[in-house]
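Taken together, the values in this text are just the output of simple stated rules run on the coordinates, not laboratory data. Quick caveat, the model's predicted, so the values are computed rather than measured. Here the Cβ positions follow ideal geometry from the backbone for every residue, glycine too, while neighbour counts run over all protein chains shown.
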DNA sequence: AAACTAACGGACTTAAATAGTCGTATTATA
DNA sequence: TATAATACGACTATTTAAGTCCGTTAGTTT
């Protein structure tokens, strides 16, 4: 619980790697350098590419590089891209109050919502350029 | 990912409930009031009891109540009690650097550690008395 | 034009974590 | 002594995450 997924972890590593070099790089290169499972990493990078966080180039000397500056990419951008949405720390925040079995009687939603906001602001404010 | 477990959620609800009433209450009462699975809730309350966060009384008119004041119980206390340890957002923070496949080449551990600390301080500083 | 190598993408399998259940023992009280 | 509560271990089911496999598409180079 309260863990980042491996996909997000791999995404962060890949982005961090691309931020540290100028030239184009490939999924294979990164997977070998950091010993990450190629297929999974490749998919993560494809998602990052679809969301224009990194730019892809197909073909024999293709690969990826950052599509924008490292200080304009937040950790939140990466999480959101890979997970599809900003995860909520509890279901009623994640999927809405309706799906909550407790509903009216729930006494913890408001305070948890504040924790959620705090967490989100941390991820929003931390940029790839600060990943050092 | 980045979710609190149901056990922690149920624990928070139970603690919050006990903080709002003076008298002794039971796992059955809470499970019915909030429609939570009895067995699971009961186990959570047993853990809270073993860690002296709540006090238990067996026997026919037994039950639980807070063992200390609501402003001296942090959310972190509850999470730690129920989960056994403070969870880390990534494995190398949770279980130590040795178990990390990336090791030397890891470039994201330090920044993630800062996020971790931030998260922990939020949970540390939020007390049960503020669960409103 | 053919061969090569990289990204692209869907379907699938495996593994791990979480959630929930069941059975039984213990303990205090009316 | 019957009852109603906690205590606790073992088990099952469910869900989520992680990883794999297969084929396709697209630029490059020879």
Over chain A, what is the mean sequence separation of C-alpha contacts under 8 Å (at least six apart), divided by residue count, expressed as relative contact order in percent?
26 percent
Could you work out how far the C-alpha centroid of the stretch B:14-39 sits from that of the stretch A:54-79, in angstrom?
50 Å
For the protein assembly as shown, what number results from the quotient of the Cα radius of gyration and 2.2 N^0.38 Å?
1.19
Exercise: per-residue mean of other protein chain Cβ atoms within 10 Å, A:81-93
2
Pairwise FRET efficiency - residue A:124 versus residue A:21, Cβ, R0 = 25 Å, nearest 0.05
0.45
How far is helix B:38-50 tilted, in degrees, relative to the longest principal axis of the Cα atoms in chain B, given as a value from 0 to 90 rounded to the nearest 10?
80 degrees
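Restricting to DSSP H runs of at least four residues, report the calculated mean residue ellipticity at 222 nm for chain A, -39500 (n - 2.57) per run over all residues, nearest 500 deg cm²/dmol. Walk me through the intermediate numbers first.
Numbers: 6 runs with 65 residues, N = 132.
-15000 deg cm²/dmol, from helical runs alone.
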Any chance you could give the angle, 0 to 90 degrees and rounded to 10, that helix B:109-125 forms with the longest Cα principal axis of chain B?
20 degrees
Label model pair residue B:46, residue A:67: point-to-point distance (7 angstrom along the Cα→beta-carbon line) in nm is 5.2 nm
7 Å along Cα→Cβ for the label point: how many nanometres lie between residue B:29 and each equivalent label in the other copies, listed shortest first?
6.5
Distance in nm between label sites at residue A:56 and residue A:29, each 7 Å beyond Cα in the beta-carbon direction?
1.7 nm
Order of A:28, B:47 - criterion: other Cβ atoms within 10 Å of each residue's Cβ, fewest first
A:28, B:47
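How shielded is B:108-119 by partner chains, expressed as the average number of their Cβ atoms within 10 Å of its Cβ atoms? Walk me through the intermediate numbers first.
Values: counts 11, 0, 2, 8, 6, 0, 3, 6, 1, 0, 5, 5.
That average works out to 4.
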What ranking do B:72, A:56 get, fewest neighbouring Cβ atoms within 10 angstrom at the top?
B:72, A:56
Which distances, in nm and shortest first, link the residue B:120 label point to the same label point in every other copy, taking 7 Å along Cα→Cβ?
2.6
Please work out the ratio of the alpha-carbon Rg of the stretch A:6-130 to 2.2 N^0.38 Å and round it to two decimals.
1.27
Roughly how crowded by other chains is peptide B:2-14, in terms of the mean Cβ count from those chains within 10 Å of each of its Cβ atoms?
5
Most exposed first by the Cβ proxy, i.e. fewest other Cβ within 10 Å, how do B:90, A:122 rank?
A:122, B:90
Taking only Cα atoms, what is the 0 to 90° angle, nearest 10, from helix A:6-20's long axis to the longest principal axis of chain A?
50 degrees
Using a 7 Å Cα-to-Cβ projection, residue A:68 label spacings across copies, nm, ascending
4.6
